[in-house]
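All remarks here apply to the structure that follows.
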Amino acid sequence: MYYRKGVNIKNMENKFIKQSLPAIANKHSKILILGSLPGDKSIKEKEYYYNPSNQFWKIIYSIFGKKEDVPQLYEEKIKFLYEHDIALWDVYSHAERKNSADENITAEEFNNIKTLLINYPTIKKILLNGKKAQKGFEKYIVENDIDCEYEYVPSSSSAHAINHLEKVECWKKAII
């Protein structure tokens, strides 16, 4: 349950309050990929990057030579992340946002990334999926006195208009 300024978010009637999904990490995770906040389809289905127009899963599978093998089952996608020592979460725990666009995020509150890094000390690098995640994370590390390696990667969103192959190359350099 999340709280904002003493108000229980679960009991609020504001349909624009959006909440993050739980972190995906295990004791072998070495890279943490942080998005900003899941889109509406992802929140509804409780699956990161559920929207087929988002290129996240295609990018991740392409990096490891499996671009044609993206499974439908979410559990298989998570297993693939674990096999490649990748953790996944969001910078924001909740925020107000009309629709799924990052530019509409306001009144945001941070996830407790510091505790996640303490609980998973094998994580040595953080990739920030998009500009909103980057700006939020840079604010978070200053407020929470975190010293870690992090790197911006182009947003996996189809709204970020660069060629898919360019995205894959940028992500691959950051991950491999």
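The values are calculated or read from the model by the stated rules, or taken from the named source; none is laboratory data. Bear in mind the structure is a predicted one, so any value in this text is a computation, not a measurement. No Cβ is skipped: glycine too gets one built from the backbone with ideal geometry, and neighbour counts run over all protein chains shown.
Here are the numbers for the structure shown:
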quantity	calculated
Any hit, segment 129-139, residues being in contact with a Ser or Thr (Cβ under 9 Å, 6 or more places away or on another chain), closer than 23 Å to residue 18 by Cα and either among the β-branched types (Val, Ile, Thr) or not in a helix (DSSP H, G or I) (or both)	yes
Any hit, segment 9-18, residues being among the polar types (S, T, N, Q) and modelled with pLDDT of 90 or more	no
Filter pass, residue 82 being at pLDDT 95 or above and not in a helix (DSSP H, G or I)	no
Cross-chain or 6+ apart pairs with Cβ under 7 Å, segment 43-70 first and of a type in the set (S, T, N, Q), then in a helix (DSSP H, G or I)	51/41; 51/42; 55/164; 55/167; 62/168
Tabulated pairs, segment 82-94, first free of Cβ contacts under 8 Å to residues at least 60 places away in the same chain, second buried (at least 20 other Cβ atoms within 10 Å of the Cβ) and basic (Lys, Arg), C-beta under 8 angstrom, 6+ apart or interchain	91/132
Selection status of residue 62, among the small types (Gly, Ala, Ser), surrounded by 19 or more Cβ atoms within 10 Å (Cβ to Cβ) and either assigned to a helix (DSSP H, G or I) or more than 13 Å from the chain's Cα centre (by Cα) (or both)	yes
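To keep it simple, each residue is scored yes or no on (1) at pLDDT 95 or above; (2) in a helix (DSSP H, G or I); (3) polar (S, T, N, Q); (4) within 15 Å of the chain's Cα centre (by Cα).
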site: 66; (1), (2), (3), (4): no, no, no, no
site: 78; (1), (2), (3), (4): yes, yes, no, yes
site: 87; (1), (2), (3), (4): yes, no, no, yes
site: 94; (1), (2), (3), (4): no, no, no, yes
